[in-house]
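Read the figures in this text as sums done on the coordinates, not as results from a lab. In this text the structure is predicted, and so the values were computed from the model without any measurement. Cβ placement follows ideal geometry from the backbone for every residue including glycine, while neighbour counts extend to all protein chains displayed.
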Amino acid sequence: MSRRSASDLASACFSAEKLLELSAEEWLLRRKVFRNSEKSIQANESIFTIGNGYLNVRGSLEELPPGHCGGMYISGIYDKSEADVEELVKCPMWTDVSVWSEGEKFCLSCCKILFHEQVLDMKKGVLHRLSTLKNAAGKIITIQTARLVFMHNVHLGYLFVKVTPRNFSAPLRVLSGLNGDVCNRGYFPREMLKHLQLEKIERGRAFMYLEMKTRDRGIRISEAASWKLISHDASVQRWEPRIYGEKFTSEITIDAQKGESYIFEKLCVVLTSREVPDAQLYKETICQLKAYVRSTALNEIAANFTVWQEKWKQSDVVIVGDEEAQKALRFNIYHLLINGPPRVGSIGAKFLSSEGYLGHVFWDTEIFILPFYIYNFPEIARNMLLYRYHTLPGAVKNAVNAGCTGAKYAWESATTGEDVTPRFASKLEKTIRFIYTGTEEDHIVSDVIYGLEKYFRVTGDESFLLEYGLEMLFMTARFWASRVVKVDDSYEIHCVIGPDEFHEHVNNNAYTNFMVKWHLELAATLYGYMHKKNPVSLDYLCRKICFNKSEADNWLVISRNMKFSVDPQTRLFEQFDGYFNLRDYVFSGYDRTGHPTLPRGVNYRTIGSTTLIKQADVVIMMLLFPHNFSDEEKRVNYEYYEQRTAHKSSLSHCTYAMMGLAIGKRTRAYSYFMKTALFDLDNLHKNTHLGIHAAAVGGTWQTVVNGFGGLSIKSDRIVMNPWLPKKWESLSFTVRWKARFVDINIFHDRISILIRSEDAVEIPLSLYRKTYKIKSNEVQVLHYCSS
Ligand code: IFM
């Protein structure tokens, strides 16, 4: 350890603290209360997750109190081993720290808490913690930490620890290490699943190194870290590195003086054998750590903050007049920012915030989450769609397993795209039951294409379409053509589960059939378009997937003759064949938290024989295809189905919020919006300990921008139908559209719009059905009336 002068040390500490200073209050999420219960500890860990979309770390307290479920997850690292199906792997931890005095650990759960607070600085992506604790011997200590992982270099992490003994002078042991002894939690209580095996553990003069390997796929994860006291020179400390099996512990003992602060710093590098060949992993990881140390944490932190600034500049959405909504919205955008995959990869239903839903990718991704990236960070959206392209071979296998041709995207997807839906789960009433979603919830196939089409429409990325998109589109269309059955003159789809998962094995789910109708028409249309515009590329693709015009013609025939049941009198769409003949109930009672309660005589075992539904189904169909249904159809279907919807899924509230805005049910829409926005902050479904509900997070953003902001993009124009709640003075955001940036400020009676573009263009904009021409690079103010 090199000797540094006292003034060097002091200035390094000062700079670190300065850099890590908290942002303004509006950017902070504070939690002062520590409830010593597993669920509460773990819910906080989910909420306080930090990350960069490559690796995310749960916001566990550094000393890992009993009941914690700390963990780090790396995007796309799945493993099966003894688990039922592949799952997201809990990776070796590097953020644990413990402070000991005379054999006693300072811990929130065993000390008297004099003060405690965790603060997430959402503007900078830093998690802070400040605790003053008194142990059984009466010793009082203040522990302050800050942790972050970097956006500009996703392999680097940083931990700042400051320890101040308040009323005693005595030796203090401060430990931090690299911990490969981590397990996923299994399906049954206390079941643990080990996905990692030790490959290498080593100490250098000033670093520790750990390399673990996933047991099935053999992916190596390497971590190298330096752990140092930076406020004092070497004379006051003793450094003892120790290795216990798969755990490296670096212990620093200091002769602590009452009232004096001791500052420690940990610099960590994480790599995997996906980026670096196995044989070079050790060398490369150490090399990167040395470069990090040389560059200094301060420089890296500053570079990281610059990227955060740019990210927020693009994606912040400002609501003036509603602090609660603003804070909740920022929280949701923060989680979107820390989960965008920086390389090819996708996003699971719980982000990288936990092992909930095993880290699997569902339809949540394309329908609820992807739009945020399409409109803000199209390169991330592209990474997510490329994941679907690369999992086409898995989708082909799924189609074969279903007795079909083409490609069937997995209901739950992980490494290869082969379906990884578990075979059984505990039902809402805690009984074990078989899961049919993997074999029946086929709408996912078209949901992926829905996301692809939106990406193309907003970004205009033709190269993606040519290289990847058309193949995805045609292969999935081929699946549907082999999946439908012809009954008389129409085409039907039997034995499916729609978005409402209370009803299984149903025929002709309206949502699924409508998606397929649209999907096949799109495929046939694009075939025709490509035939004229780019026959060479089309020809190449046709040869690659053995495809010809007659197949495309057949798609059009199926699309035009897909079965739907609509009551001609009421204009109600029947959710599936026979739905209107089920025992009819409506929700009329609500519990203390505002959740609908089951009517008398209904329980979750029998709910499938009633008209009660889990989440929006017909309503989401109308939301996704707003131009295909009249206002009256939307209204009657909303009113009918809303009374029968249990909202047992986090995907439901935002759907009703957006549809409510479309049909003028604005007060209800606002209440649904706030439920979505606060879903995890208020732990609405009491399961935030299992991870963040990514669809609700994406749905929050969509409700604000596409719902209240009323923004949508057609191929040639911007369409806006805004409406603001009374207390909102204004709503402002920026979206990207093709190569342009569009800055929008919405007020109750007007919008101002600036299209930033390198070329001088005039772009049509429809505002409540009036069309204007907007010149690029000039602010234009347009008046509207929304009533
Ligand atoms: O995809 C959803 C589904 O619609 C309802 N159950 C949970 C899944 C993952 O969020």
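Assorted remarks:
- Euclidean distance between Cα centres, the stretch 219-298 to the stretch 574-651, Å: 54
- Sequence-distant residues sharing a close amide H with residue 351 (under 5 Å, placed H): 694
- Placing a label point 7 Å from the Cα of residue 344 along the Cα-to-Cβ direction, the residues of the stretch 350-384 with a backbone N closer than 11 Å are 383-384.
- Between the beta carbons of residue 773 and residue 565, assuming R0 = 51 Å, the FRET efficiency works out to 0.75 to the nearest 0.05.
- Measuring between their Cα centroids, the stretch 47-104 and the stretch 657-703 lie 27 Å from each other.
- The distance between label points at residue 15 and residue 536 comes to 5.5 nm (points 7 Å beyond Cα on the Cα→Cβ vector).
- Comparing Cα centroids, the stretch 734-787 and the stretch 498-520 end up 36 angstrom apart.
- Extension gain, residue 580 back to residue 324 (0.36 nm per residue minus Cα-Cα distance, nm): 88.1 nm
- In terms of distances greater than 28 angstrom between alpha carbons, the cross-link table entries 454/727; 665/727; 32/139 yield 454/727.
- Which of 362, 547 has the fewest Cβ neighbours within 10 Å, and the rest in rising order: 547, 362
- Sorted peptide list for 772-781, 634-643, criterion being average Cβ within 10 angstrom, highest first: 634-643, 772-781
- Modelled FRET efficiency - R0 41 Å, residue 609 with residue 727, Cβ distances, 0.05 increments: 0.40
- In order along the stretch 354-360, the phi-based Karplus estimate (6.51 cos²θ - 1.76 cosθ + 1.60, θ = phi - 60°) of 3J(HN,Hα) comes to 4, 8, x, 6, 6, x, 6 Hz; Gly and Pro are listed as x.
- Per-residue Karplus couplings for the stretch 120-129, computed as 6.51 cos²θ - 1.76 cosθ + 1.60 with θ equal to phi - 60°, are listed in order as 9, 8, 6, 6, 10, x, 10, 9, 9, 8 Hz, Gly and Pro entered as x.
- Sequence-distant residues sharing a close amide H with residue 562 (under 5 Å, placed H): 491
- At least 15 Å along the helix axis (C-alpha) and Kyte average at least -1.0, DSSP helices within the chain: 6-19, 281-295, 297-315, 323-337, 378-390, 444-459, 470-483, 510-533, 549-560, 652-663, 666-677
- Shape category assigned to the stretch 31-102 from the gyration tensor of Cα positions, a/c cut at 1.5: prolate
- 3J(HN,Hα) couplings calculated from phi for the stretch 189-199 with the Karplus curve 6.51 cos²θ - 1.76 cosθ + 1.60 (θ = phi - 60°) are, in sequence order, x, 6, 6, 10, 10, 9, 10, 10, 10, 6, 10 Hz; Gly and Pro show x.
- Estimated 222 nm signal from helices in the chain, with DSSP H stretches of n ≥ 4 weighted -39500 (n - 2.57), rounded to 500: -9500 deg cm²/dmol
- Local charge for residue 29 was computed over the other residues whose Cβ lies under 14 Å away, with Lys and Arg +1 and Asp and Glu -1, and equals -1.
- Rounded if a/c under 1.5, otherwise prolate or oblate - the stretch 298-451, Cα gyration tensor axes: prolate
- Shape of the chain, Cα gyration tensor, a/c cut at 1.5: prolate
- Contact order, relative form, for the chain: 11 percent (alpha carbon pairs under 8 Å, 6 or more residues apart, mean separation divided by residue count).
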